[in-house]
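Q: Structure provided below as structure tokens; questions to follow.
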Amino acid sequence: METFQFHAPKQLAEVYALLDEHEYDAQLIAGGTSLVTFLKQQLVQPDHLIHLGKIVALHGVKLVDNELHVGALTTYRDLETHPLVLEHLPQIAEVFGQVATLRIREVATIGGGLSQGDPAQDGPGLWLLLNARVVLSSSSGEREIAIADFFEDYYTTVIEPNEVLTELRIPVPDSSAGFSYSKFLPRSEDDYAAVSVAALVSVDASGSITAARLTLGSVSATPILISDVDQLIGQPASEQLINAVAESVRDQVDPLSDVRGSAAYKTDMAVVFTGRTLTTAANNAGS
Ligand SMILES: Cc1cc2nc3c(=O)[nH]c(=O)nc-3n(C[C@H](O)[C@H](O)[C@H](O)COP(=O)(O)OP(=O)(O)OC[C@H]3O[C@@H](n4cnc5c(N)ncnc54)[C@H](O)[C@@H]3O)c2cc1C
């Protein structure tokens, strides 16, 4: 590992000043679950490492106008256990309770995960499903970005070198909507997903679908929203319709071949897991 100067500011203004001064020579660190590995492997070699852990303003979960506002330093374990998350967005607790191992969930932060821009993580597809927005802050002020515009490519987001991801804002969905999340883990329970699928489905009293949203992770450079799910709206959920939507993802995914399987195998699994996830979400609707 190369040497660097370590900074542990207590105020965001100090972080902004350090980023303005050192730009590409500076690197933020939150939980360090990824960055420490990158430092050891010399994939990043900053002259200045800026630790965010002492900044109180980046901690905490709040309910504001029917949205959860989640500070960047909120850990995966906080998301799994926080009373406001459990009451208003239990979907988040369900997903983050399945991430990696408890040791990683205790340390990894929502801001670090998002900033990394890794489509194999569990968060990106979920945040896209929930229409979340990211707040990026710098000495010039604050900007809010829809999650659909946040991820640009593998490990690439719209965050500028002088910016800090400070908060994630997540609208609370209709509480009667059925939710399901599933991931294909061909190697081990605590591995990154080869395919992940998230779905929200609402039905009316007659059983007709009134709203549906579907996202996939791990199968493209960024998480993807599947608009073909709209064809379910106005009809009762049927195996035939769900299979048609599942089949439609085949041409929209673009997975990489790797230790978790070939691109062709992952594509087949994306179809299978989409069908299963949509079926479960439809069954959960209204319950
Ligand atoms: C073995 C292992 C398995 C894992 N499996 C999964 C999994 O299956 N699913 C999953 O979702 N996650 C998984 N994770 C966690 C995930 O891959 C990242 O390690 C984690 O989300 C990073 O969070 P962190 O707080 O540790 O970030 P750090 O490692 O501290 O930082 C990561 C990057 O984000 C930048 N950064 C950090 N905070 C900010 C901020 N507020 N603003 C701007 N930039 C920032 C850093 O400069 C760095 O580039 C796993 C991790 C490990 C080590």
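Q: If the Cβ limit is 9 Å and pairs must be 6+ apart or interchain, which residue in the range 264-283 that is farther than 25 Å from residue 202 by Cα pairs with which residue that is open to solvent by 60 Å² or more (accessible area, probe 1.4 Å) and not aromatic (Phe, Trp, Tyr)?
A: What qualifies is 264/257; 265/257; 266/256; 266/257; 266/258; 267/250; 267/254; 268/250.
Q: Could you give every pair whose Cβ atoms fall below 9 Å, whose first residue belongs to the range 103-115 and is closer than 12 Å to residue 166 by Cβ, and whose second residue is in a helix (DSSP H, G or I) and within 6 Å of the ligand (Cβ to nearest atom), counting only separations of at least 6 or pairs across chains?
A: Filtered contacts from the range 103-115: 110/123; 114/123.
Q: Taking the range 140-169 only, how many residues are of a type in the set (A, V, I, L, M, F, W, C), within 15 Å of residue 113 (Cα to Cα) and within 14 Å of the ligand (Cβ to nearest atom)? Outline the logic, then answer.
A: Residues of the range 140-169 that are of a type in the set (A, V, I, L, M, F, W, C), as a first pass: 145-148, 150-151, 158-159, 164-165, 168.
Cutting the leftovers down to within 15 Å of residue 113 (Cα to Cα) gives us 147, 150-151, 158-159, 164-165, 168.
Next cut, within 14 Å of the ligand (Cβ to nearest atom) only: 150-151, 158-159, 164-165, 168.
Within the range 140-169, residues that are of a type in the set (A, V, I, L, M, F, W, C), within 15 Å of residue 113 (Cα to Cα) and within 14 Å of the ligand (Cβ to nearest atom) number 7.
Q: Something else: Give the range 108-129 a look and list any residue that's hydrophobic (A, V, I, L, M, F, W, C) and open to solvent by less than 10 Å² (accessible area, probe 1.4 Å), or say none. Break it down stepwise before answering.
A: Narrowing the range 108-129 to residues hydrophobic (A, V, I, L, M, F, W, C): 108, 110, 114, 120, 126-129.
Result: 108, 110, 114, 126, 127, 129.
Q: Are there strands (runs of 3 or more DSSP E) fully within the range 96-207 with at least 1 residues that are over 21 Å from residue 59 (Cβ atoms)? List them.
A: Numbers: elements: 133-138, 141-146, 151-153, 164-171, 178-184, 195-203.
Ranges flagged: 141-146, 151-153, 164-171, 178-184, 195-203.
Q: If you go through the range 246-262, how many residues are of a type in the set (Gly, Ala, Ser) and either touching a His at 6+ places or on another chain (Cβ under 8 Å) or open to solvent by less than 20 Å² (accessible area, probe 1.4 Å) (or both)?
A: As a first pass, look at the range 246-262 and keep what is of a type in the set (Gly, Ala, Ser): 246, 248, 257, 261-262.
Within this subset, residues satisfying the condition of being either touching a His at 6+ places or on another chain (Cβ under 8 Å) or open to solvent by less than 20 Å² (accessible area, probe 1.4 Å) (or both) are 246, 261.
Qualifying residue count, the range 246-262: 2.
Q: Name the residue, out of 85, 99, that is out of contact with any Lys or Arg (no Cβ under 7 Å at 6 or more places or on another chain) and without any contact (Cβ under 8 Å) to a residue 60 or more places away in the chain. Don't jump to the end; show me each part of the working.
A: Numbers: 99 fails: out of contact with any Lys or Arg (no Cβ under 7 Å at 6 or more places or on another chain).
It is 85.
Q: While we're here: Could you check residue 212 against (1) among the small types (Gly, Ala, Ser); (2) in a strand (DSSP E or B); (3) in contact with a Phe, Trp or Tyr (Cβ under 7 Å, 6 or more places away or on another chain) and say which number it fails?
A: Only one criterion is unmet by residue 212, namely (3).
Q: Still on this model: Filter the range 188-209 for residues that are of a type in the set (Val, Ile, Thr) and more than 17 Å from residue 239 (Cα to Cα); which is surrounded by the most Cβ atoms within 10 Å (Cβ to Cβ)?
A: Start the filter on the range 188-209 by keeping residues that are of a type in the set (Val, Ile, Thr), which leaves 195, 197, 201, 203, 209.
Keeping just the survivors that are more than 17 Å from residue 239 (Cα to Cα) gives 195, 197.
On the way: 195: 30, 197: 32.
The extreme case among them is 197.
Q: I need the full set of residues from the range 68-89 which are among the aliphatic types (A, V, I, L, M) and not in a loop (DSSP other than H, G, I, E, B), in order please. Please lay out each step first, then the result.
A: Initial filter on the range 68-89 (among the aliphatic types (A, V, I, L, M)): 68, 70, 72-73, 79, 84-86, 89.
Within the range 68-89, 68, 70, 79, 84, 85, 86 meet the criteria.
Q: Quick one: how many residues across the range 1-57 are open to solvent by less than 60 Å² (accessible area, probe 1.4 Å) and more than 11 Å from the ligand (Cβ to nearest atom)?
A: Residues that pass the stated criteria total 8.
The values are calculated or read from the model by the stated rules, or taken from the named source; none is laboratory data. None of the values given here were measured: they were computed from a predicted structure. Using ideal geometry, Cβ is built from the backbone for each residue, glycine included, and neighbour counts are taken over all protein chains shown. Remember, those area values only see protein heavy atoms, side chains included, never the ligands or the DNA or RNA. Shrake-Rupley method; radii C 1.70, N 1.55, O 1.52, S 1.80 Å.
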